[in-house]
Each structure stands twice: as C-alpha cells, then as structure tokens.
Amino acid sequence: MPQRRGSFGNFGGRFVPETLVAPLLELEQAYLEAREDASFQEELENYLHDYAGRPTALYEARRLSRELGGATVFLKREDLCHTGSHKINNTLGQCLLARRMGKRRVIAETGAGQHGVATATAAALLGLECEVYMGEVDMERQALNVFRMELLGARVVPVRSGSRTLKDAVNEALRDWVATADYTHYCLGSVVGPHPFPSLVRDLQSVIGREAREQHLRRTGRLPDCLVACVGGGSNSIGLFHPFLDTTVRMVGVEAGGTGEGPGEHGSTLCLGSVGVLHGARSFLLQDEDGQVLETHSISAGLDYPGVGPEHAYLKERGRVQYTRVSDGEALAAVDLLCRTEGILPALESAHAVALAASLAREMGPGSSLVVCLSGRGDKDVSTLMAAKRGGSAVHDEGLRP
Amino acid sequence: MNRIDEMFRGSDGKAVLIGFTTAGFPDGESSLRLAQGLLAHCDALELGIPFSDPVLDGPVIQESSLRALRAGFRPRDVFPLAQRLRELSDKPLLLMTYYNPVHRLGHAPFAAAAAAAGIDGVLIPDLPPEEMGDWKEVASQHGLHTVLFASMTTPPERLRYLGEMTGGFLYCFAVKGTTGLRDSLSRDLAPFLKRVRSCCSVPLAAGLGVSNPEQCREVAGMADGVVVGSALVKSALDAIAAGLDPAPAAAELAAELKRSLQRT
C-alpha cells in the first residue's frame, strides 16, 4: 500500500484510529462517485436553488463604502441562505451523500450552533436521524440555536469534557462515529478533520466563490482586488477563496484575535500556532510545548477552535493567502458599523471579516473593490451583543482600526 | 531480542495479560506504585501518556488522563517513570500515546528517550501506517516495536498488510468504539479474530471493552494476549472515591484477571 502524506503538501492526511480507516475510504469512494454522477449533482443544485435560496446576492455596500472612503465593498450574502449561514451548502451535500451511502443517521459537532442547525435542517428535509454534539459552554451562549435544533427534530447532546466548546464537541462526535459508522455519517462542519473531509467540504462550499467571481465579473467587468473572510476551521473562507486560486486576487483570512496574544486568549491558529496533529489532520494548531492542545477564546463561538483546515495551512505556507487577526472588541465595532450603515446584523464570526475589510478598504482607496464573505446573520448573537453593550461582559467595543 | 517477542515465545500457548494504566495518574508518585502493582501480576504493562484530546478513550481513561494532567504530569515525565519500573522488573513495557505529543517532541528524540528508559514497544492509535513517515524506522533503530491495530472494519487485504507491518503483536480492537467497560463481548469478536488469524502470522492481542475475568477467559481462547485498561483504571478511581489506596485495589483486580487466564 502506498505511503501517503497529507493531501495539501505536508498538511492534511488521515490520522485516525484503524476503526475509522475503512469508513473514511468508503466516504471518499462515495464522494468521488457522487461528484461524477449528474443526477446527484442535479439534485444538490435543485436543493441549493429552491430550498437554500442560492445564488446568494453579491451586494454592493454603498453607504459602508462611502463611510470608509476607500475601496468599494461588496458583501457576499451567505447570511441570506436558509438557516442563516453558509453552513447549509455543506450539510445539504453531505446529507444527500449520507442517504446515497445508505446511512440512516447523521451526527455533527457545532460551536455557534449554525452548523448544528444546518445539519438538523438537512436531516429533517431528507428524513435522517440527527444528533448534534455541542459544548456546554456553547449551549449556554447559543441557547436560541439549541432550541432551533430541537424544533427541527435533532437531539442536542451536551459535551462536558475539556473546555466544553467546539474542539470537545468534535472529540465527542468522533467517539460516536468510531462506534456507529456502519449506519452513521459524520457530517463534519468545516474544512478540518481527516481526508476526505477537507476536500469534500471545500468542494461543497466553493459555490460561494464561484458565484462571487461570476457576479463580480458581470457587474464590474473584472475580478475584485481583494477577498476577505473569517477563519475558524475555515469553510466559508476556503469556499470564497478556492475558485480564485488561479488568479492573482489578494486574499486575506481573518482569525479570532480574542482578548490578547496569550494562551487561552484567542483563536489565532495560523497567526500564532505551530504545526501539529489534531482531529485527524496535520495542520496548524494552538498547542503548548508538550503538544497538549490549548484552550481558546473568542467572542464568537464559531471561531473558538484551536485547529484550522489543512488547506489553509498549505495556502499560508505557500504565501498565497495572508492571515491576520481581529480582536473581540474590533468585531463588536464592526457589528455596529454594518448595522448602522447597511441595516445588516452580521454574525460575530463574519463581523471579524467586516472589521478587517473596513481597514483594508481605507488603505486600498477608491476605484478598487473588495469582496467580504458575510458568512452568517447575527440573530443568534443578540444576547452576547446585549451583554457586551450593557456591560455584562468584559468585552467592549474597541472601535475600528484607524 | 525484544522483551515483547520473548514474552509471547515463552507463554506456552497461554494467553498473556497486558495491563494498562495512565502515566501520572492519579499523580506522579502514586502512579509509580499503581504501575508497579499492576506489573506484579500482568505479563506486560502499557503506560498511557495523558493527552488533552483523547478521542479514542471513553469516560474512565479520559478521567485518568485529566487527573494526571491536572496533577502537572507532562508527557516527558513518562520516561523517568518507565525507567524506575524497568529497574524493578524485566517484563515488557509499552507506551500508548496519541500522535501529537510524539510529533511535537520529534520522532528521533521520542524514540531515543523511550529506548533509554527501557521501553520495548510503542502504540500510537491515531497513527495508521500510511501516516507514519519515518517513525517506524526510527523506532526500530532504537530497538522499539511499533505495535499496529486491527479493527472489525479492516478488510482482509489490509489485515495482511498490518500483520506484516506490526512489531511484536497485532492489537485487535475487540469492539467498534472507544475504550471503556462493556457488559459483554461483541458477538463479532470471534469471527473477527478468526479472520485476523487467517491473514496474519504474528501474535494477536485483543483489547478495548475487556473488563472482567469471564471476558478475559473468553478472549484467551481466541487470542494470544488480552489487554485490560479501563477496568483497572476504574478500580483505581473507585478506590480513590472511597478514600482508599488505588494501587492495591488495581493490583488485586490484575491478580484476579491473571488467575482467570491461568485456568484456561
């Protein structure tokens, strides 16, 4: 048998217990077949169009652009997708794949709850059993999404191990899958995990970038100058970036800067981490000198993760994509900015991208254009925002960078 | 010759008992006594390196791992622990570790430290052979066996490959799932071990979910070794919860398990 290293240069791979090797090969095979199967693709496209509401708009944010006084900012409106974020692009594809493989049950991990809701939704649509693992801490801060998942017929399983956030939810989902892969598909929510997940999820999310590229071209007659997206595991950013990799368009991924640069204060895996192996792949990782995985912090549950997709590690290493960080406070300021100028309440995750886009737009100057992936809407974050605004939280609006 | 090979060669057709405990559990000093007590009755001992994200472990070993980490135990502390056990016993010692701590320290430094401490074999459950890079080679240069795993989901062709690649023995997962106690053995275990036997000529040890003397005896009829982990760690945890010394409690269970194998 061939000796294989990662799928993305030195990153990626399949670092899993032997029990999962066969299910991952089965998944890879099923996916390769489905990708070539016109009827599968047609069914997926129909659901994306009629059910999820694609294509999503590429919206020119005129008041925002005017206020910033620089580049024209376009928002790729994934927040307008059914269930409120880009996550549905992936779960529709994976749940269709699960059905095709004859699996009657899907499991998922969730941080902010967006992927959990999107999985529960696709499972309801396709008549699959659904269980969602969610850290206890996240269940508290995203109570609304917990209730939504339950309404959709899913069972939400509280995860009480470790830091009780997204990383531990992935651990628990993997433990479930090791025992149940015969009849269960693990609907992984980001471009992380063992091969083929990073490629599978990327392909399903690339619809974001394909649409954006065509829309921008049609609108302006050229490609944008810059793309900006937030990076937790990295699915909305890879989805936007990937169809532009054959161009010279500048791309910037924005990580959770949290409250500082110390261990446990942020989720800046690519900016501040080192190479390691977690959740089945070799990538960047926030770890201590012994290789123990560090706790993370972000005001947005979806970016509160110590790992990152291996393809991002590869793009960073090649210098193709630039990665930077935005603090909790800057993200809060960006929520305000977008609400006031455009009447759009972004998810706290997406607000990280908006915050960076604001400072980039000023630098870039008029005549240039910038596409921001607005990966989700902010309704789920209202209680976090209230706590921050009314002083119930240690985090305050820090204003945007000059 | 590697002590693991000697153990299987000298076992006289009887299944050997391989115990497991988490290194550094419940704390550095007690961990040595706990391991020593187990080693007195088991034929070999696996020391688990505590890791922050033990995805293949159920609640019992997760708990022991967490306690060891909270007590300040670091992966590199396993080497002096093994060294002290080696001074007390000539039985095979193995390290069970997730891959990231090995990756972090580096293959060569890890293998060198393990060999110097008197370790005979290393088990890395989240490192399938395709991802090993130079690990197996480096380990074997230091005289260490790299023990591979087989699962009920593994097809025959791959079983043959794993049988050729493994060192010392092939660790056969007795359940599909994580470590932990089970009420009964899987009905699929016997056909699985038969399948592995027909594909591989190395000694086979079965573990995961083997919890009591009856189950040990049953497995002993089908494999060359039985691995018991969670049950031993749980007896230690139970003793601690009752305000008792965990070392003799775990040793007593190990003795009972060993007796059950001698009667087969």
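Between residue A:320 and residue B:165, with labels modelled 7 Å along Cα→Cβ, what's the label distance in nm to one decimal, could you check?
Spacing of the two 7 Å Cα→Cβ label points: 2.8 nm.
Under 8 Å for C-alpha pairs, at least 6 residues apart: give me the relative contact order for chain A, rounded to a whole percent.
So the answer I get is 20 percent.
Using only Cα atoms, what Kirkwood radius does segment A:222-359 have, in angstroms?
15.0 Å
I need A:220, A:165, A:180 ordered by Cβ neighbour count within 10 Å, fewest first.
By the 10 Å Cβ count, ascending, the order reads A:220, A:180, A:165.
Taking the Cβ of each residue in A:298, B:11 as the centre, tally the other Cβ atoms inside 10 Å and list the residues starting with the fewest.
In order of increasing Cβ crowding within 10 Å: B:11, A:298.
At a 10 Å Cβ-Cβ cut-off, how would you order A:250, A:63, fewest neighbours first?
Taking fewest neighbouring Cβ atoms as first place, the list is A:63, A:250.
Within the protein assembly as shown, what percent of beta bridges assigned by DSSP are antiparallel, to the nearest 5?
20 percent
Let me know the Rg and Dmax you get for the protein assembly as shown when you use only its Cα atoms, in Å.
In order Rg, Dmax, the Cα atoms of the protein assembly as shown give 26.0, 85 Å.
Is there a quick way to get the dipole size of segment A:39-168? I mean about its Cα centre, with the Cβ of Lys and Arg at +1 and of Asp and Glu at -1; what is the value in debye to the nearest 20?
The dipole magnitude comes to about 100 debye.
Quick one: grab the alpha carbon gyration tensor of segment B:163-234, order the square roots of its eigenvalues as a ≥ b ≥ c, and give me rounded if a/c is under 1.5, else prolate or oblate depending on whether a/b is larger than b/c.
Since a/c reaches 1.5 and a/b is larger than b/c, the shape of segment B:163-234 is classed as prolate.
Could you tell me how many degrees, from 0 to 90 and to the nearest 10, lie between the Cα long axis of helix A:87-100 and the main elongation axis, the longest principal axis, of the Cα atoms of chain A?
Helix A:87-100 and the main axis of chain A meet at about 20 degrees.
What lysines sit close enough to residue B:194 to cross-link, taking a C-alpha to C-alpha distance under 22 Å and skipping anything fewer than 8 places away on the same chain?
B:14, B:176
What 222 nm value per residue comes from the helices of the protein assembly as shown, counting each DSSP H run with n ≥ 4 as -39,500 (n - 2.57) and dividing by all residues, nearest 500 deg cm²/dmol?
My calculation for the protein assembly as shown gives -13500 deg cm²/dmol from helical runs alone.
Using only the Cα atoms, what convex hull volume per residue in Å³ does chain B have?
So the per-residue hull volume is 112 Å³.
What Rg and what Dmax come out for segment B:1-139 when only alpha-carbon atoms are used, in angstroms?
Rg and Dmax of segment B:1-139, Cα atoms, are 14.5, 42 Å.
What helices does chain B have that are whole DSSP H segments, at least 27 Å long along their own axis by Cα, and with mean Kyte-Doolittle hydropathy of 0.0 or more?
none
Sorted from largest down, what three extents in whole angstroms do the Cα atoms of segment B:123-264 have along their principal axes?
So the three principal-axis extents are 47, 33, 26 Å.
List the aspartates and glutamates whose alpha-carbon lies under 13 Å from that of residue B:91, not counting same-chain residues fewer than 8 positions away?
Here the aspartates and glutamates satisfying the reach criterion relative to residue B:91 are B:5, B:6, B:43, B:46, B:120.
Rounding to the nearest 10 and keeping the result within 0 to 90°, find how far the Cα-based axis of helix A:207-220 lies from the longest principal axis of chain A.
With rounding to tens, the tilt is 30 degrees.
Could you pull out every residue, at least 5 positions away or on a different chain, whose amide H is within less than 5 Å of the one on residue A:106? Hs are placed 1.01 Å off N in the peptide plane, and Pro or chain starts have none.
For residue A:106, the qualifying residues are A:129, A:130, A:131, A:185.
Could you tally up the Lys pairs in chain A with alpha carbons closer than 26 Å? Skip any pair fewer than 8 positions apart unless they're on separate chains.
Close lysine pairs under the 26 Å cut-off: 11.
Bear in mind these aren't lab numbers, they're just calculated from the coordinates by the rules spelled out. Remember, predicted model here, so these are calculated numbers, not experimental data. Cβ atoms come from the backbone with ideal geometry, glycine included; neighbour counts cover every protein chain shown.
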